[in-house]
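Enquirer: Provided herewith is a single structure, encoded as structure tokens, for subsequent inquiry.
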Amino acid sequence: MRKNELVCDCESIHAENVAIAKSKMLDDNTLSKMTNFYKSLADNTRTKIINLLEKSELCVCDISVILNMTKSAVSHQLKYLKQKNLIKSKRRGKEIWYTLADSHVSAVFDISLEHILEEHNEKN
């Protein structure tokens with residue numbers, strides 16, 4: 001055992017449940033990709049952009065006006081979201097229009113919103 005390695009200090013009480021859960025657990029690579037996906041949404045501006053693009057296709061100028069941000073700042077976030085395959089772009093003449101990459105992005109956003117709203121309603 002390495003010096004700084006953490007080790008569980010308890011014994012399994014329900015060995016069968018542990019074995020079943022462990023056999024169904026995703027591999028580290030897949031979990032890492034999921035973590036990075038959620039990190040992509042862990043920025044207020046990027047979440048706002050996803051929310052806007054879920055409603056309609058927009059160009060960078062329109063997004064900048066809505067969010068009251070510079071075109072440069074919005075372009076930076078759009079580039080990041082595009083690299084993460086959360087949005088896609090289409091050129092029309094001199095303008096580039098942005099939409100969500102696919103229905104999965106919208107589904108994740110909607111499910112997250114539903115969870116947040118349910119959580120809020122349970123507390124009130």
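The values are calculated or read from the model by the stated rules, or taken from the named source; none is laboratory data. The model shown is predicted, which means the values in this text are computed figures rather than measured ones. No Cβ is skipped: glycine too gets one built from the backbone with ideal geometry, and neighbour counts run over all protein chains shown. Surface accessibility is based on the protein's heavy atoms, side chains included, excluding ligands, DNA and RNA. Shrake-Rupley method; radii C 1.70, N 1.55, O 1.52, S 1.80 Å.
Enquirer: Which percent of Cα-Cα pairs in the chain sits in each 10 Å bin, short to long?
Expert: Going from the shortest bin to the longest, the percentages are 10, 30, 24, 18, 12, 5, 0.
Enquirer: Helix-only estimate, please: 222 nm mean residue ellipticity of the chain, summing -39500 (n - 2.57) across DSSP H runs of length 4 or more and dividing by its residues, to the nearest 500.
Expert: On the way: 6 runs with 77 residues, N = 124.
It comes out at -19500 deg cm²/dmol, rounded to the nearest 500.
Enquirer: Of the heavy-atom accessible surface of segment 1-96 (probe 1.4 angstrom), what whole percent is carbon and sulfur?
Expert: Details: 4100 of 7720 Å².
Accessible surface attributable to carbon and sulfur in segment 1-96 totals 53 percent.
Enquirer: Rolling a 1.4 Å sphere over the protein heavy atoms, what is the accessible area per residue of the chain, to the nearest Å²?
Expert: That works out to 80 Å² for each residue.
Enquirer: What's the longest piece of the chain with no exposed trypsin sites (Lys or Arg not before Pro), counting a site as exposed if DSSP puts it in a loop and it has at most 10 other beta carbons within 10 Å? Let's see the in-between values first.
Expert: Values: sites that count: Arg2, Lys3, Lys94.
The reported range is 4-93.
Enquirer: May I pose another question? Cα gyration tensor of segment 53-124, axes a ≥ b ≥ c as square roots of the eigenvalues: rounded (a/c below 1.5), prolate (a/b > b/c) or oblate?
Expert: On the way: a/c = 2.66, a/b = 1.86, b/c = 1.43.
It is prolate, given that a/c is not under 1.5 and a/b is the larger ratio.
Enquirer: Please go through the residue pairs Lys48/Lys94; Lys48/Lys123; Lys33/Lys90; Lys48/Lys82; Lys55/Lys88; Lys39/Lys123 and name each one whose alpha carbons sit more than 22 Å apart in this structure. Please list the in-between numbers first.
Expert: Values: Lys48/Lys94 25 Å; Lys48/Lys123 25 Å; Lys33/Lys90 26 Å; Lys48/Lys82 15 Å; Lys55/Lys88 14 Å; Lys39/Lys123 26 Å.
The pairs that break the limit, which is 22 Å between Cα atoms, are Lys48/Lys94; Lys48/Lys123; Lys33/Lys90; Lys39/Lys123.
Enquirer: How about Lys24: which aspartates and glutamates have a C-alpha closer than 17 Å to its C-alpha, ignoring those fewer than 8 places off in the same chain?
Expert: By straight Cα distance, Lys24 reaches Glu16.
Enquirer: Explain nothing, just compute: Karplus ³J(HN,Hα) = 6.51 cos²θ - 1.76 cosθ + 1.60, θ = phi - 60°, for every residue of segment 93-105 in order, whole Hz, x for Gly and Pro.
Expert: With coefficients 6.51, -1.76 and 1.60, one gets x, 8, 9, 10, 9, 10, 9, 5, 5, 6, 5, 5, 4 Hz.
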